[in-house]
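Q: One structure follows; several queries about it will come next.
Where a number appears in this text, it was derived from the coordinates with a stated rule and is not lab data. The shown structure was predicted, so the numbers you read here are calculated from the model rather than taken from an experiment. Cβ coordinates were reconstructed from backbone atoms using ideal geometry, including for glycine residues, and neighbour counts include every protein chain displayed.
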Amino acid sequence: MKILGISGSSRKEDTSGVYKLVKTVLENTGIEYDLVSLRGKKIGGCIACLGCAKDNICKVSDDMTELRDKIVGADAYVIGAPNYYSTLNAVTHSFIERWFQFRHQDGNTLWGKLGVAVGVGGMDGRFPANDIEKFFLYSFIETVAKVSGQGAASCYSCGYGETCGVGIPQMLYGKNVRITPEIIPDVSKQPEVMAESADAGRLLGKRLRNGHDRKAVTQNMQQKMMDMMKSAV
Ligand SMILES: Cc1cc2nc3c(=O)[nH]c(=O)nc-3n(C[C@H](O)[C@H](O)[C@H](O)COP(=O)(O)O)c2cc1C
């Protein structure tokens, strides 16, 4: 059994809240995992060429190509993304968008597998976590847990954070804000978020070890998706 973890943050691993939370989830599963950072990777969005329609293999050649085997080989996914404009950042969006290659005919590579969705935002990480859950649903993957935390917006380190009228420090602490290490958000300093991540990992590990029924999960997710479609119109 193997889990594929994806950190969609563009920040270095030691400063990214997304990376920390995805790693914490994975470490608590008790199952072998692979953790891939999308930082620096060149992954474009789906170009709707339909080159994958016949064989479920994307024909676009970029850094996504080498990740295909890892996606196919995994039994579950832990995907995390930063909140950019209340949605996923672009590289994570492109990465998941390219899962369109698995959607054709009887291509059930992803169907009935399990996932954990992770989001981190300068204010709120729930938007990207919810978006990842929706992407999982389109692939009939069950989201067993969602985790979100608050990370350090760039405004704390850009050099203008104390004086900028539209930055997060002034938004949160007012005009006379002084940026000190104590006020800079870090998921490691949020015990409830770290505990939530560990719990998510343990739950995912338990579900996988219990040998979940992929067919039943697929049927549930197909139904859930139909319900979502109906409620949207
Ligand atoms: C282009 C851009 C847009 C952002 N938009 C939002 C936003 O709409 N809401 C929010 O809460 N944080 C926003 N942020 C802040 C990031 O979500 C925050 O820095 C987070 O910690 C990033 O996660 P990471 O440290 O793992 O990269 C934005 C950051 C950037 C660079």
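Q: Based on the alpha-carbon set only, what is the convex hull volume of the range 35-153 divided per residue, in Å³?
A: Values: hull volume 11.8 nm³, N = 119.
In the range 35-153, the Cα convex hull volume per residue is 99 Å³.
Q: Just report the Cα centroid separation between the range 173-233 and the range 73-104, whole Å.
A: That distance is 14 Å.
Q: For residue 179 and residue 27 in the same chain, what is the full-extension length gain: residue separation times 0.36 nm, less their Cα-Cα distance, in nm?
A: Using 0.36 nm per residue and subtracting the Cα-Cα distance, I get 51.5 nm.
Q: Order of 115-128, 189-202 by packing, highest average Cβ count within 10 Å first?
A: Result, highest mean first: 115-128, 189-202.
Q: With the radius of gyration and the Kirkwood radius both derived from the Cα set of the range 158-233, what is their ratio Rg to Rh? Intermediate values should be presented prior to the final figure.
A: Numbers: Rg = 21.8 Å, Rh = 17.1 Å.
Rounded to two decimals, Rg over Rh is 1.28.
Q: Turning to a different aspect of this structure: For a quick check: sort 29, 218, 180, 109 by the number of other beta carbons within 10 angstrom, fewest at the front.
A: Ranked by crowding around the Cβ, least crowded first: 180, 109, 218, 29.
Q: Another one. How large is the helix-only mean residue ellipticity at 222 nm for the chain, computed as the sum of -39500 (n - 2.57) over DSSP H runs with n ≥ 4, divided by its residue count, in deg cm²/dmol to the nearest 500? Show your work: numbers first, answer last.
A: Working: 7 runs with 82 residues, N = 233.
After summing the helix terms and dividing by the residues of the chain, the value is -11000 deg cm²/dmol.
Q: Between the DSSP loop rule and a limit of at most 12 other Cβ atoms within 10 Å, which chymotrypsin sites (Phe, Trp or Tyr not before Pro) in the range 115-172 are left?
A: Of the chymotrypsin sites (Phe, Trp or Tyr not before Pro), the ones in loops of the range 115-172 whose Cβ has at most 12 other Cβ atoms within 10 Å are 160.
Q: Quick one: of the DSSP bridges fully inside the chain, what percent are antiparallel, nearest 5? If you can, show how the numbers build up before the last one.
A: On the way: 2 of 27 bridges.
Counting only bridges with both partners in the chain, antiparallel ones make up about 5 percent.
Q: Could you list, in their original order, any pairs among 42/70; 20/41; 41/224; 23/70; 146/224 whose Cα atoms are separated by more than 22 Å?
A: Too far apart for the 22 Å limit: 41/224.
Q: Let me ask another. Quick one: go through the range 202-226 and flag any residue whose amide nitrogen is under 14 Å from the point 7 Å out along the Cα-to-Cβ line of residue 108.
A: Output list for this probe position: 213-222.
Q: A further question follows. In what sequence do 20, 175, 41, 2 fall when counting other Cβ within 10 Å, fewest first?
A: Final ranking by Cβ density, sparse to dense: 175, 2, 41, 20.
Q: Using R₀ = 22 Å, calculate the FRET efficiency as 1/(1 + (r/R₀)^6) where r is the Cβ-Cβ separation of residue 138 and residue 59; round to 0.05.
A: Working: r = 21 Å, r/R0 = 0.94.
The value I calculate is 0.60.
Q: May I ask you to derive the FRET efficiency for residue 70 and residue 195 from their Cβ-Cβ distance with R0 = 35 Å, giving the value to the nearest 0.05?
A: For R0 = 35 Å, the calculated efficiency reads 0.75.
Q: Among 52, 158, what is the fewest-to-most ranking by other Cβ atoms within 10 Å?
A: Arranged by neighbour count, lowest to highest, 52, 158 become 158, 52.
Q: How large, in Å, is the chain by the Kirkwood hydrodynamic radius built from its alpha-carbon pairs?
A: For the chain, inverting the mean 1/r across all distinct Cα pairs yields 18.5 Å.
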